[in-house]
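Chemist: Right, I'll just put the structure down here and ask away after.
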Amino acid sequence: MINLLKEKNYQKLNFFILLLASLILLRKAATIVIIVFFIFSLINYKDYYNKDIKKYLKLALIINIPILLECIFFWNNDSAFLGMKSLEKSVACLLLPYLIIPHFEYIDTFKILKKYSIYTAFILIISLISFAFFEHSYFMKYLNGIHLWQMGYTFSDYIGIHAPALNMYISFICVYILYLTINEFSNNDFSKKAIKLFLLFLVFFFFLLVINTRIALLTFVLNAIVLFIYSKIAIRKKTIIVVVCLVTLCGITKIFIDKFPYTVDKYTIHLFNDMDKVGKLDEIDNPEIYAYTSLVTRISIWKSSYEVGKKNFLFGVGSSDAQKELINHYRETDQRFLTKYGFITHNQFLNFFIKYGIIGLIGCFIYIFYPLYLSIKTNNIILFCFFLNFLISNITDDYLNKFDGLVYTALWYSIFTCYYLNNKSKL
């Protein structure tokens, strides 16, 4: 009976993990799951808690880095209240490793990942249908090619998540489903399962285009190339897969561009225009139109962010004051466009550099490169794809500033750590 109760508890553990992974898209729901998960672990303290966590403390501490930095540099915040609000977002980085890692032998990483992909597809499809019904005017406007630059962001806001974050999650799932499709085809050619997986892959690729953030598409392409190079299958089959994927994806992309021609401008003119105006965005005519989403704006922000970080090299300015200090720098250097819109750092490394100084920058490198360490130790390509996706995304944005980004990494870092420990125990 005791063993049966323990088994049921570990089934519930996997259920909570899968539920949290799937509901990260919905912040309020994810918060409730974390609270219930924690209460469940307290109620089942005797069966659930494992003293062996001491053996894995080094790995857990890496996942704790965001909240450790918040605590260590809490004194540096001008406002204790704002400091607490910032710290609260990273509580998941403290809880999840200790709730999950000690029970690594009961965690089936890739079973969770597969179910997570299916449930996420279901949530996205339901959300799109709901958006088309309840926000019909917006839906028809985009369908008729009006204000297309808003499309992905409006849909993401409707779900309750930032568009680049949503597309970062979709990009990784896209790569994982493509990986499953390649493996299934290499073993069983055009089996029903291979066809179903490929159709699921196309669903996620469709959403990748709908949200339409450039970095997510870039990381998907890079990861797809890595997958095809890594795949140890016959040249003939690899060629068939590449041709089928290219023809299908190019066809879908062509249809999408014909329907939404703004996409071409977004990836060409609006990305690379006015590159000689770094730090001088006010010299551009109508920067709201021609520079708001361009690379020159990102580089101007990074330049200012680096200057603020360098001024506060040792200890930073505190987590609650980073954006305020950056906007003050815009104002002091007479960058009116950046001051008006109060742009955040859009780079996680620079964000931690401003917040916590050089220690924060080092901590950020350790945290973001942790999946690379796990992928090398396990020789697993999916972990490497996760790392590449998260690294590139955080070069152009700061996902560890947001609740969903912190929960996402704390959860998947803990799950991938379980995979690493399972492999280590087998060896």
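The values are calculated or read from the model by the stated rules, or taken from the named source; none is laboratory data. Owing to the predicted nature of the structure, the values given are computational and were not obtained by experimental measurement. Neighbour counts run over all protein chains shown; Cβ positions are idealised from the backbone, glycine included. SASA here: full protein model, heavy atoms, side chains in, ligands and nucleic acids out. Shrake-Rupley method; radii C 1.70, N 1.55, O 1.52, S 1.80 Å.
Chemist: Run Phe315 past the list (1) under 25 Å from the mean Cα position of the chain (by Cα); (2) in a loop (DSSP other than H, G, I, E, B) and report the number of the one that doesn't hold.
Modeler: (1)
Chemist: Tell me which residues, restricted to the stretch 144-158, are open to solvent by 40 Å² or more (accessible area, probe 1.4 Å) and either within 26 Å of Thr219 (Cα to Cα) or within 24 Å of the chain's Cα centre (by Cα) (or both).
Modeler: Here is the first cut: in the stretch 144-158, the ones open to solvent by 40 Å² or more (accessible area, probe 1.4 Å) are 144, 146-147, 149-150, 153, 157-158.
Of everything in the stretch 144-158, those that are open to solvent by 40 Å² or more (accessible area, probe 1.4 Å) and either within 26 Å of Thr219 (Cα to Cα) or within 24 Å of the chain's Cα centre (by Cα) (or both) turn out to be His147, Trp149, Gln150, Tyr153, Asp157, Tyr158.
Chemist: Continuing with this model, one more query. Find the residue count for the stretch 73-114, including only residues that are closer than 13 Å to Gly318 by Cα and of a type in the set (Ser, Thr, Tyr). Let's see the steps before the verdict.
Modeler: Here is the first cut: in the stretch 73-114, the residues closer than 13 Å to Gly318 by Cα are 73-87.
Then keep just the ones that are of a type in the set (Ser, Thr, Tyr); that gives 79, 86.
The total comes to 2.
Chemist: Give the number of residues within the stretch 212-248 that are basic (Lys, Arg) and within 26 Å of the chain's Cα centre (by Cα). Don't jump to the end; show me each part of the working.
Modeler: Step one: list which residues in the stretch 212-248 are basic (Lys, Arg), which gives 214, 232, 236-238.
Then keep just the ones that are within 26 Å of the chain's Cα centre (by Cα); that gives 214.
Total satisfying the criteria: 1.
Chemist: Here is a further query. Would you be able to tell me the number of residues in the stretch 272-301 that are assigned to a loop (DSSP other than H, G, I, E, B) and either aromatic (Phe, Trp, Tyr) or at positive phi (or both)? Steps first, answer last, please.
Modeler: Restricting attention to the stretch 272-301, the residues satisfying the condition of being assigned to a loop (DSSP other than H, G, I, E, B) are 273-274, 278-280, 284-286, 291-294.
Those still in the list that are either aromatic (Phe, Trp, Tyr) or at positive phi (or both) too: 274, 279, 286, 292.
The number of residues fulfilling the criteria is 4.
Chemist: So Lys237 passes all but one of these: (1) over 28 Å from Asp404 (Cβ atoms); (2) in a helix (DSSP H, G or I); (3) open to solvent by 20 Å² or more (accessible area, probe 1.4 Å); (4) without any contact (Cβ under 8 Å) to a residue 24 or more places away in the chain. Which condition number does it fail?
Modeler: So Lys237 meets the others, but not (4).
Chemist: Please determine, by comparing only the residues of the stretch 212-234 that are open to solvent by less than 60 Å² (accessible area, probe 1.4 Å) and of a type in the set (Phe, Trp, Tyr), which one is modelled with the lowest pLDDT.
Modeler: The qualifying residue modelled with the lowest pLDDT is Phe228.
Chemist: Follow-up question, since we're still on this one. Restricting to the stretch 260-283, and then to whatever is modelled with pLDDT of 70 or more and either within 28 Å of Phe139 (Cα to Cα) or out of contact with any Ser or Thr (no Cβ under 9 Å at 6 or more places or on another chain) (or both), can you tell me which residue is surrounded by the most Cβ atoms within 10 Å (Cβ to Cβ)?
Modeler: Here the residue is Phe260.
Chemist: Residues to consider are Ile382, Ile354, Ile368, Ile376; find the one that is under 30 Å from Leu61 (Cα atoms), among the β-branched types (Val, Ile, Thr) and touching a residue at least 60 places away in the same chain (Cβ under 8 Å).
Modeler: Working: Ile354 fails: touching a residue at least 60 places away in the same chain (Cβ under 8 Å); Ile368 fails: touching a residue at least 60 places away in the same chain (Cβ under 8 Å); Ile376 fails: touching a residue at least 60 places away in the same chain (Cβ under 8 Å).
Among Ile382, Ile354, Ile368, Ile376, only Ile382 is under 30 Å from Leu61 (Cα atoms), among the β-branched types (Val, Ile, Thr) and touching a residue at least 60 places away in the same chain (Cβ under 8 Å).
Chemist: Still on this structure, I have one more. When you go through Ala132, Ala121 one by one, which is the residue that is within 22 Å of Lys193 (Cα to Cα) and out of contact with any Ser or Thr (no Cβ under 8 Å at 6 or more places or on another chain)? Give the derivation first.
Modeler: Working: Ala132 fails: within 22 Å of Lys193 (Cα to Cα).
Answer to the check: Ala121.
Chemist: Checking Ala21 against (1) of a type in the set (A, V, I, L, M); (2) crowded, with 16+ Cβ neighbours inside 10 Å; (3) modelled with pLDDT under 85: exactly one of these is not met. Which one?
Modeler: (3)
Chemist: Oh, and also: Among the residues that make up the stretch 197-211, is at least one of them at pLDDT below 85, open to solvent by 20 Å² or more (accessible area, probe 1.4 Å) and not aromatic (Phe, Trp, Tyr)? Break it down into steps so the answer makes sense when it comes.
Modeler: Let us first name the residues in the stretch 197-211 that are at pLDDT below 85, namely none.
Checked the stretch 197-211: no residue is at pLDDT below 85, open to solvent by 20 Å² or more (accessible area, probe 1.4 Å) and not aromatic (Phe, Trp, Tyr).
Chemist: From Ile182, Ile161, Ile177, Ile170, grab the single residue that is farther than 22 Å from Ile382 by Cα and buried (at least 16 other Cβ atoms within 10 Å of the Cβ).
Modeler: Working: Ile182 fails: farther than 22 Å from Ile382 by Cα; Ile177 fails: farther than 22 Å from Ile382 by Cα; Ile170 fails: farther than 22 Å from Ile382 by Cα.
After applying the criteria, what remains is Ile161.
Chemist: Residues that are closer than 18 Å to Glu135 by Cβ: which helices (runs of 4 or more DSSP H) entirely in the stretch 146-229 hold 3 or more of them? Walk me through it before giving the result.
Modeler: On the way: elements: 151-159, 163-188, 192-211.
Of the helices (runs of 4 or more DSSP H) lying wholly inside the stretch 146-229, those with at least 3 residues that are closer than 18 Å to Glu135 by Cβ span 151-159, 192-211.
Chemist: Can you tell me which residue among Lys111, Lys141 is in contact with a His (Cβ under 7 Å, 6 or more places away or on another chain) and either assigned to a helix (DSSP H, G or I) or open to solvent by less than 30 Å² (accessible area, probe 1.4 Å) (or both)?
Modeler: Details: Lys111 fails: in contact with a His (Cβ under 7 Å, 6 or more places away or on another chain).
Among Lys111, Lys141, only Lys141 is in contact with a His (Cβ under 7 Å, 6 or more places away or on another chain) and either assigned to a helix (DSSP H, G or I) or open to solvent by less than 30 Å² (accessible area, probe 1.4 Å) (or both).
Chemist: Could you check how many residues of the stretch 76-106 are in contact (Cβ under 8 Å) with a residue 24 or more places away in the chain and open to solvent by 10 Å² or more (accessible area, probe 1.4 Å)? Lay out the reasoning, then the answer.
Modeler: At the first step, the residues of the stretch 76-106 found to be in contact (Cβ under 8 Å) with a residue 24 or more places away in the chain are 76-79, 82-83, 85-87, 89-106.
From what is left, the residues that are open to solvent by 10 Å² or more (accessible area, probe 1.4 Å) are 76-79, 82, 85-87, 89, 91, 94-95, 98, 104-106.
Residues in the stretch 76-106 being in contact (Cβ under 8 Å) with a residue 24 or more places away in the chain and open to solvent by 10 Å² or more (accessible area, probe 1.4 Å): 16 in total.
Chemist: So, one more: Going by the conditions given, is Ser304 small (Gly, Ala, Ser), buried (at least 17 other Cβ atoms within 10 Å of the Cβ), in a helix (DSSP H, G or I) and modelled with pLDDT of 80 or more?
Modeler: Values: small (Gly, Ala, Ser): yes; buried (at least 17 other Cβ atoms within 10 Å of the Cβ): yes; in a helix (DSSP H, G or I): yes; modelled with pLDDT of 80 or more: yes.
Yes; evaluated as a whole, the condition is true for this residue.
Chemist: Right, another one. For the stretch 321-338, what are the residues that are in contact with a helix residue (DSSP H, G or I) (Cβ under 6 Å, 6 or more places away or on another chain) and open to solvent by less than 30 Å² (accessible area, probe 1.4 Å)?
Modeler: Listed by number, the residues that qualify are Ala322, Leu326, His329, Tyr330, Phe337, Leu338.
Chemist: Then there is this: Counting residues that are crowded, with 17+ Cβ neighbours inside 10 Å, on the phi > 0 side of the Ramachandran plot and at pLDDT 95 or above, which helices (runs of 4 or more DSSP H) fully inside the stretch 339-427 reach at least 1?
Modeler: Working: elements: 348-368, 370-378, 381-396, 403-426.
Output list reads 348-368.
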